[in-house]
Amino acid sequence: MADIHADEQAFQPGQPRIVVGVSGSLGSLAALHHAVAEARRIDAEVLAVHCWTPVGGEFGYRRSPCPPLLSACRDAAAARLRQALDEAFGGARAGVPLHSQAVRGETGQALVQVADRPGDVLVLGAGRRGALARVLRPSVTAYCVRHADCPVLAVPKPPLQRELEALERHHVRLLPIGH
């Protein structure tokens with residue numbers, strides 16, 4: 001892992017830890033809520049992780065390094081993670097010890113590296129994807145299941161997300177009230 005931005009609070013030694021991938025999508029927010037519920041159940045801490053890469057990817061950055069751009073990407077990732085946490089909990093506290101990290105790296109690889117402690121559990125949003133999406137962007141969940149040394153929990157898409165996707169597939173257009 002090349003670069004990690006973390007909150008200031010440290011994890012308690014020996015306390016169980018649930019690592020959850022958070023991108024800001026509805027699926028990742030559902031995974032975050034599931035991770036928090038599980039943390040309450042087993043008295044664990046939650047580590048919310050947002051993974052990022054420089055604009056143009058790592059290869060592009062190595063060819064043309066630009067430290068100010070890298071700093072902007074890191075700051076944007078940290079801001080996106082804060083926004084996702086705010087959206088998930090409406091600005092309220094999660095009710096369990098919750099830490100956050102913006103981690104530089106490809107999502108699957110970075111999450112597997114972060115969830116490296118004995119007793120960790122890795123929680124991810126999951127769901128069915130179309131054939132084109134699978135070809136263009138391999139599944140992070142499948143990667144983590146194959147490579148993680150800890151249990152991986154794949155949380156299905158929330159019903160609202162499934163319904164919205166079904167509407168999009170059927171080209172249903174929602175009209176404003178009164179039309």
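Brief remarks follow.
- Taking the criterion of being under 17 Å from Leu32 (Cβ atoms), hydrophobic (A, V, I, L, M, F, W, C) and outside any helix (DSSP H, G or I), the residues of the range 66-98 that qualify are Ala92, Ala94, Val96, Leu98.
- Failed criterion for Val46 (all others in (1) touching a Leu at 6+ places or on another chain (Cβ under 6 Å); (2) part of a helix (DSSP H, G or I) hold): (2)
- In the range 26-41, the residues that are open to solvent by less than 20 Å² (accessible area, probe 1.4 Å) reach residues that are of a type outside the set (Phe, Trp, Tyr) and assigned to a helix (DSSP H, G or I) with C-beta atoms within less than 6 angstrom, at least six apart or across chains, in these pairs: Leu32/Ala88.
- When Ala88 is tested against (1) touching a strand residue (DSSP E or B) at 6+ places or on another chain (Cβ under 7 Å); (2) buried (at least 17 other Cβ atoms within 10 Å of the Cβ); (3) modelled with pLDDT under 95, just one condition goes unmet, and that condition is (1).
- The numbered conditions (1) under 12 Å from the mean Cα position of the chain (by Cα); (2) open to solvent by 60 Å² or more (accessible area, probe 1.4 Å) are all true for Leu81 except (2).
- Scanning the range 113-135 finds one or more residues that are open to solvent by 50 Å² or more (accessible area, probe 1.4 Å), at pLDDT 95 or above and not small (Gly, Ala, Ser).
The values are calculated or read from the model by the stated rules, or taken from the named source; none is laboratory data. All figures in this text were calculated on a predicted structure; none of them were measured in a lab. Reconstructed Cβ throughout: ideal geometry from the backbone, glycine too, with neighbour counts over all protein chains shown. Just the protein is used for accessible areas: all its heavy atoms, side chains included, with ligands, DNA and RNA removed. Shrake-Rupley method; radii C 1.70, N 1.55, O 1.52, S 1.80 Å.
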